[in-house]
Amino acid sequence: MFYGLQGDFPLADNVILYSSIYLLCVREFFRFSHPNPGTYQYTKLQKPDHIRLILLHPRFGFRPISCSIMDGPYMRMVFYEAISYTWGNPDRTEEIMVNGCRMKVTKSVYEVLATLSSQFLPQLLWIDAICIDQENSEEKDQQVPIMDKIYSNALITTVFLG
């Protein structure tokens with residue numbers, strides 16, 4: 001808490017949060033310089049009410065899209081943006097970097113992330129194709145029923161129509 005700014009600066013409480021996210025992003029930026037990264041492997045969610053969020057890293061020039069995945073209980077205390085989009089072709093033809101590893105995603109997911117990636121600021125997002133392990137039926141059965149809460153707890157929901 002910045003005591004000198006208390007009350008004078010409405011974003012003072014969020015300065016530490018945004019600074020932490022930025023430092024995490026810079027740390028992750030250096031993790032992504034591995035010359036031959038492996039394929040991303042999902043870890044099991046700790047509890048049924050936990051969700052994953054992605055921290056979309058700033059993208060400079062023609063660098064690949066990269067992000068970090070974190071998980072927690074509905075992420076109630078975190079301001080994130082939920083993404084709703086048209087799935088389109090289900091073939092995973094595009095590649096992004098997740099936690100320093102490669103992940104194949106659909107063209108529509110890639111276009112959403114490319115559109116949202118900023119040159120300066122990291123963004124905290126929930127997008128089902130990445131935040132839910134699509135190969136794990138048990139996880140999908142747990143996550144789909146709580147999607148209404150995921151969208152309602154989001155700071156904003158962005159809709160991409162393709």
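The values are calculated or read from the model by the stated rules, or taken from the named source; none is laboratory data. Only a predicted model underlies this, so the values are computations on that prediction, with no experimental measurement involved. Cβ sites come from the backbone with ideal geometry, for glycine too, and all protein chains shown count toward neighbours. What goes into the accessible areas is simple: the full protein's heavy atoms, side chains included, and nothing from ligands, DNA or RNA. Shrake-Rupley method; radii C 1.70, N 1.55, O 1.52, S 1.80 Å.
Quick look at the values:
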quantity: Check on residue 21, outside any loop (DSSP other than H, G, I, E, B), at pLDDT 90 or above and within 23 Å of residue 117 (Cα to Cα); calculated: no
quantity: Qualifying residue in segment 94-117 (condition: among the aromatic types (Phe, Trp, Tyr), in contact (Cβ under 8 Å) with a residue 12 or more places away in the chain and outside any helix (DSSP H, G or I)); calculated: no
quantity: Hits in segment 59-85 - residues which are open to solvent by 60 Å² or more (accessible area, probe 1.4 Å), at pLDDT below 85 and under 23 Å from residue 148 (Cα atoms); calculated: 73, 76, 77
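Yes/no per residue for (1) open to solvent by less than 40 Å² (accessible area, probe 1.4 Å); (2) modelled with pLDDT of 90 or more; (3) out of contact with any His (no Cβ under 6 Å at 6 or more places or on another chain); (4) assigned to a loop (DSSP other than H, G, I, E, B):
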position	(1), (2), (3), (4)
121	no, no, yes, yes
125	yes, yes, yes, no
133	yes, yes, yes, yes
138	no, yes, yes, no
143	yes, yes, yes, no
148	no, yes, yes, no
151	no, yes, yes, no
158	yes, yes, yes, no
